[in-house]
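**Student:** This is the structure I want to talk about, given as structure tokens.
The values are calculated or read from the model by the stated rules, or taken from the named source; none is laboratory data. In this text the structure is predicted, and so the values were computed from the model without any measurement. Backbone-built Cβ (ideal geometry, glycine too); neighbour counts: all protein chains shown.
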Amino acid sequence: MARYGLDLERKNKFNSKRKKTFIILFLCFSLLLGTFSTLILWRSLNYDFNNIFGESGETAPVTETTEATEAPVYEGNAVFLLSVMSDDKTAVRFINLISVDLFDKTIRVVPVDANKMLQSGQLTLSDALIKQSKELFIEEAEKVLYTNIDRYVILTETSYKAIFNVFGNIEMFLEEEIAYDTEDMFLELKRGKNTLTPEKTYKYMKYISTTYSGLKASEKNADIIVAAFSAFYTAENNANSEELFTKIINYCETDISIVDFLNVKDKAGSIIPTSSKELLRVYVAATVTGGDLYAEEVTTNEE
């Protein structure tokens, strides 16, 4: 009977085992569910336990995103008068107007006939530059050239050469072969592309100024000024522009002050190409654009 009867002790042991297994499985399930829920919560808080407690004395770091800002767009233009005189200031080698347009990012070098008569009919522009004060000369020049002149730069032949010594060589294309040999100077240049050292640039300017006169001399010297801008008006020189300005300003007779220079430094630098695939937009032109570069404010692309 005992063999076929109910074994209550064994049955109780079996039920107890099932009960323990169920409890263990339930605890494991609860642990997994709790872990999963915690991970979901942590993710919603950017995996930062500090966010669980809300605001506190220390704030969680915020990831900053940098947005590309567009370069400022400058507007305004100015006209500069550039002239070179003999060292004794008894002769004018040439006169050019240099027109800078910030919006178009262009530099125009405009030849001026130094033999052009003033409105009085008694003096030429050369005569006025030699005999009158610079202020009166500029006033007279504005009338006969029909433009406002914002600033002037007057150089002697020696200071012209000194400025090129500061900057270096230029590249020029000549349409004629030059073989110039006098008691004072020897210059030999080939037809086509030439690399002009400061010494050769100086001699070429003197050759032009003694071979030609008036508008023709200014036209050919304007080609030198264009080549000089192309060679020297670079991002590297602009980065060192304050140092360069202090080097060359003493060679110039000018009404451009250090304050003027600092005020327009960034504006003037904005026309320098930012890519090696671009070229500086500088050329000889027949007319100028007028305006007041110094009074213009900066406008940006931002609304």
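**Student:** Among the residues of the range 178-212, count how many are within 33 Å of the chain's Cα centre (by Cα), exposed (fewer than 11 other Cβ atoms within 10 Å of the Cβ) and within 16 Å of Lys161 (Cβ to Cβ).
**Tutor:** Number of matching residues: 0.
**Student:** Residues being without any contact (Cβ under 8 Å) to a residue 60 or more places away in the chain and either among the acidic types (Asp, Glu) or buried (at least 18 other Cβ atoms within 10 Å of the Cβ) (or both): count how many of those fall in the range 146-177.
**Tutor:** Number of matching residues: 5.
**Student:** Inspect all residues belonging to the range 228-241 and state whether any of them is in contact (Cβ under 8 Å) with a residue 24 or more places away in the chain, in the same structural domain as Asp127 (by TED's automatic domain parsing) and over 22 Å from Lys267 (Cα atoms).
**Tutor:** no
**Student:** Moving to a separate point now. I'd like to know if the range 259-271 contains one or more residues that are farther than 28 Å from Leu125 by Cα, not β-branched (Val, Ile, Thr) and not in a helix (DSSP H, G or I).
**Tutor:** yes
**Student:** Restricting to the range 99-124, and then to whatever is of a type in the set (S, T, N, Q) and not in a loop (DSSP other than H, G, I, E, B), can you tell me which residue is surrounded by the most Cβ atoms within 10 Å (Cβ to Cβ)?
**Tutor:** Ser99
**Student:** Among the residues that make up the range 243-251, is at least one of them under 22 Å from Ile107 (Cβ atoms) and in contact with a strand residue (DSSP E or B) (Cβ under 8 Å, 6 or more places away or on another chain)?
**Tutor:** Scanning the range 243-251, I find at least one residue that is under 22 Å from Ile107 (Cβ atoms) and in contact with a strand residue (DSSP E or B) (Cβ under 8 Å, 6 or more places away or on another chain), so the answer is yes.
**Student:** Right, another one. Determine if the range 229-237 includes at least one residue that is closer than 17 Å to Ser86 by Cβ and of a type in the set (Ser, Thr, Tyr).
**Tutor:** no
**Student:** So, one more: Please tell me if Leu174 is assigned by TED's automatic domain parsing to the domain that holds Thr201 and within 21 Å of Glu219 (Cα to Cα).
**Tutor:** Answer is yes for this residue.
**Student:** Need at least 2 residues that are within 30 Å of Gly76 (Cα to Cα) per element, so show me which strands (runs of 3 or more DSSP E) inside the range 145-254 make the cut, counting only ones lying wholly within it.
**Tutor:** In the range 145-254, 151-156, 170-174 are the strands (runs of 3 or more DSSP E) which contain 2 or more residues that are within 30 Å of Gly76 (Cα to Cα).
**Student:** Give the residue, chosen from Lys200, Lys220, that is basic (Lys, Arg) and more than 23 Å from Thr124 (Cβ to Cβ).
**Tutor:** Lys200
**Student:** Quick one: which residue in Ala286, Ala231 is surrounded by fewer than 11 Cβ atoms within 10 Å (Cβ to Cβ), closer than 30 Å to Leu215 by Cβ and not aromatic (Phe, Trp, Tyr)?
**Tutor:** Testing whether each residue is surrounded by fewer than 11 Cβ atoms within 10 Å (Cβ to Cβ), closer than 30 Å to Leu215 by Cβ and not aromatic (Phe, Trp, Tyr) leaves just Ala286.
**Student:** Considering every residue within the range 94-114, establish whether at least one is of a type in the set (A, V, I, L, M, F, W, C), farther than 23 Å from Phe229 by Cβ and touching a residue at least 12 places away in the same chain (Cβ under 8 Å).
**Tutor:** Scanning the range 94-114 turns up no residue that is of a type in the set (A, V, I, L, M, F, W, C), farther than 23 Å from Phe229 by Cβ and touching a residue at least 12 places away in the same chain (Cβ under 8 Å).
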